[in-house]
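The values are calculated or read from the model by the stated rules, or taken from the named source; none is laboratory data. No experiment lies behind these values; they were computed from the predicted model shown. Glycine also receives a Cβ, built like all others from the backbone with ideal geometry; neighbour counts cover every protein chain displayed. Heavy atoms of the whole protein, side chains included, go into the accessibility calculation; ligands, DNA and RNA do not. Shrake-Rupley method; radii C 1.70, N 1.55, O 1.52, S 1.80 Å.
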Amino acid sequence: TVVESTCVFSGRDVTSRTEMSGDFVSAFNVKIESTTSDTRQSTNQTVSIKRTIVQEGKYLGASCGEVKPGFAIAPDGATIAVQ
């Protein structure tokens, strides 16, 4: 699945492309590429900010142990909120 969007967020132009793949039962992959720029004359910003986010997930089993809905375990073992 591919989602392309263009919008204005906090007065800045944002263009993004999100690619999602996998069977979404046993595994998934997500890649988000975005560019944020400010075209307002009052800011004099001349730099566009480009970001790439890559996420991978896989089914580990029916028991989530201590992990609650809306949270994930980071590679270093820290619990983080997923939003």
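Go through THR35, THR39, THR18 for me and flag whichever is free of Cβ contacts under 8 Å to residues at least 40 places away in the same chain and in contact with a Lys or Arg (Cβ under 6 Å, 6 or more places away or on another chain). The match here is THR35. Within the stretch 26-41, the residues that satisfy the criterion of being over 30 Å from ALA62 (Cα atoms) and either part of a loop (DSSP other than H, G, I, E, B) or in contact with a helix residue (DSSP H, G or I) (Cβ under 9 Å, 6 or more places away or on another chain) (or both) are ASP38, THR39, ARG40, GLN41. State all residues of the stretch 56-72 that are within 27 Å of SER34 (Cβ to Cβ) and either in contact with a helix residue (DSSP H, G or I) (Cβ under 9 Å, 6 or more places away or on another chain) or open to solvent by less than 90 Å² (accessible area, probe 1.4 Å) (or both); if no residue qualifies, say none. Of everything in the stretch 56-72, those that are within 27 Å of SER34 (Cβ to Cβ) and either in contact with a helix residue (DSSP H, G or I) (Cβ under 9 Å, 6 or more places away or on another chain) or open to solvent by less than 90 Å² (accessible area, probe 1.4 Å) (or both) turn out to be GLY57, GLY70, ALA72.
Among the candidates VAL25, VAL8, VAL47, VAL14, the residue that is over 21 Å from ALA74 (Cβ atoms), of a type in the set (Val, Ile, Thr), modelled with pLDDT under 95 and touching a Cys at 6+ places or on another chain (Cβ under 8 Å) is uniquely VAL14.
Of all residues in the stretch 73-83, those satisfying the criterion of being part of a loop (DSSP other than H, G, I, E, B) and either surrounded by 10 or more Cβ atoms within 10 Å (Cβ to Cβ) or within 17 Å of the chain's Cα centre (by Cα) (or both) are ALA74, PRO75, VAL82, GLN83.
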